[in-house]
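Student: If you scroll down you'll find the structure; I have some questions about it.
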Ligand SMILES: [Zn+2]
């Protein structure tokens, strides 16, 4: 693994047929070369695709007796995954599929990543039905090692359960104990995605992820539109297949990383890929149908590849959160999905590096759930904030005129450097809308002074911060408390809490607002501390 951010991992899966860069988008390819809108030769030369997936069901139906080698048939030299074919068998009413046959077939045709026979779960299945299907899928996965006879095939354990998270949990817990599998794959999500239930999808991924062996890659069967790629990757998906580039093209649909357009509605192409830069929507519409959809499929594939590259870069630079935040504004369903990730921010924290090359941008209220904010809260728990006899609370709450902490910090630091004795006397907290309490001791820790705040939080969230301040100052008997900066919201609370009356402590307040251009009041205030 080279880099991680949230639960996303940038790395390489080594396979005998070649390396797979992760996270990886795995195009669904028809085993019959003539049926593909983009040729397999193009996949490798033009699109730099590492890994493809194809359907066991079609392979069995059309080539059962004749097929010798999957790589020869598809002319793809790199690693190929096959699904178990269960989904299509179910769809087309094929009943007599035996687990042994499915395993032997995939090994015989030289599949590099193969899946034992699973039973997909439909959205309309009751819990009892889903439970039964999961039980059988797990049972078959346990029997697979006995049937398998070819060491060069990597086996992928299918995680079923659908929207029933307790079943997903059970699948993950039991399958992770079988050493035979080198990878896991989540199934039964296509219907959810067709219904825009990205929130449920992300809950499923996070649930599975929690119980799976972290060293093994996790695949998602049947991802859809590129707009959701960053979300599934952030939740911990390493590779995922999608046929969207081809399916959308067949319907005359043109993808962007956030939207879908009908070719006939476009005036110009909002893309500069080799297809879009050479033609116009109108010219393309005047071409024969097959050429049209082939061109659309190629463009769509460029969009998918460009998005996965953008995701990998975001992981390297530690900016995946920003990518999610911006993509989540493209569709309400994506926003709902993003909200699931917000709720599970503490899980995302585990893989998020504690220092990054780039700073943090706070552009919306949802950023108050960033893993970096949670990390700051955790650090606060581990240090003693209330040590000295006096406390200075310097408030930047609701200050719209200052959007970073560095300039405040440098001035305060300079001041205490000259007036060393005061450090022994005062606890000094800077109060900020997103991070809450920032004790002077911590302020040089990433990403506090590397943060830029574009948007202020609401009163509800601000109240949590003020309550936290109170909780802490009540624990310790300060001789003196000095409030400074923008005190409006703090003030109200002090009065509401009857703090002035209750305590016999000396409280002084200096209400002023500093801005990026105007620091005199801060300096004046600091100098007033020297008696
Ligand atoms: Zn294009």
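Student: Just grab the label-to-label distance for residue 527 and residue 511, each label 7 Å out from Cα along the Cβ direction, in nm (one decimal).
Tutor: 2.4 nm
Student: For a quick protection proxy, order the peptides 198-211, 99-112 by their average other-Cβ count within 10 Å, most packed first.
Tutor: 198-211, 99-112
Student: Between the range 220-253 and the range 441-473, what is the C-alpha centre distance in whole Å?
Tutor: 37 Å
Student: Determine the gain in length on full extension of the stretch residue 386-residue 417; use 0.36 nm per residue of separation and subtract their C-alpha separation, reporting nm with one decimal.
Tutor: 9.1 nm
Student: With a/c under 1.5 counting as rounded, go ahead and sort the range 360-528 into rounded, prolate or oblate using the C-alpha gyration tensor (a ≥ b ≥ c being the square roots of the eigenvalues; past the cut-off, prolate if a/b is larger than b/c, else oblate).
Tutor: rounded
Student: Quick one: if the Förster radius is 35 Å, what FRET efficiency do residue 2 and residue 410 give, using the C-beta to C-beta distance and rounding to 0.05?
Tutor: 0.55
Student: Compute the helix-to-body angle for 459-475: its Cα long axis versus the longest principal axis of the chain, expressed 0 to 90° and rounded to tens.
Tutor: Rounded to the nearest ten degrees, it is 60.
Student: What ranking, highest mean first, results for peptides 235-248, 281-294, 129-142 when packing means the other Cβ atoms within 10 Å averaged over each residue?
Tutor: 235-248, 129-142, 281-294
Student: Taking R0 as 60 Å, what's the FRET efficiency between residue 69 and residue 460 from their Cβ-Cβ distance, rounded to 0.05?
Tutor: 0.45
Student: Checking the a/c ratio against 1.5 first, then a/b against b/c, what shape does the Cα gyration tensor give for the range 3-344?
Tutor: In terms of gyration-tensor shape, oblate.
Student: How far is helix 332-343 tilted, in degrees, relative to the longest principal axis of the Cα atoms in the chain, given as a value from 0 to 90 rounded to the nearest 10?
Tutor: 60 degrees
Student: Follow-up question, since we're still on this one. Using the number of other C-beta atoms within 10 angstrom as an exposure proxy, rank 271, 276 with the fewest first.
Tutor: 271, 276
Student: In the chain, what % of DSSP beta bridges are antiparallel (nearest 5)?
Tutor: Antiparallel: roughly 25 percent of the beta bridges in the chain.
Student: Then there's this: What is the distance in Å between the Cα centroid of the range 124-200 and that of the range 45-104?
Tutor: Measuring centre to centre over Cα atoms gives 19 Å.
Since every read-out is calculated from the coordinates, none of them should be taken as a lab result. Keep in mind that what you see is a predicted model, and the values were worked out from it rather than measured. When we count neighbours, we look across all protein chains shown, and the Cβ atoms used for this are built from the backbone with ideal geometry, even at glycine.
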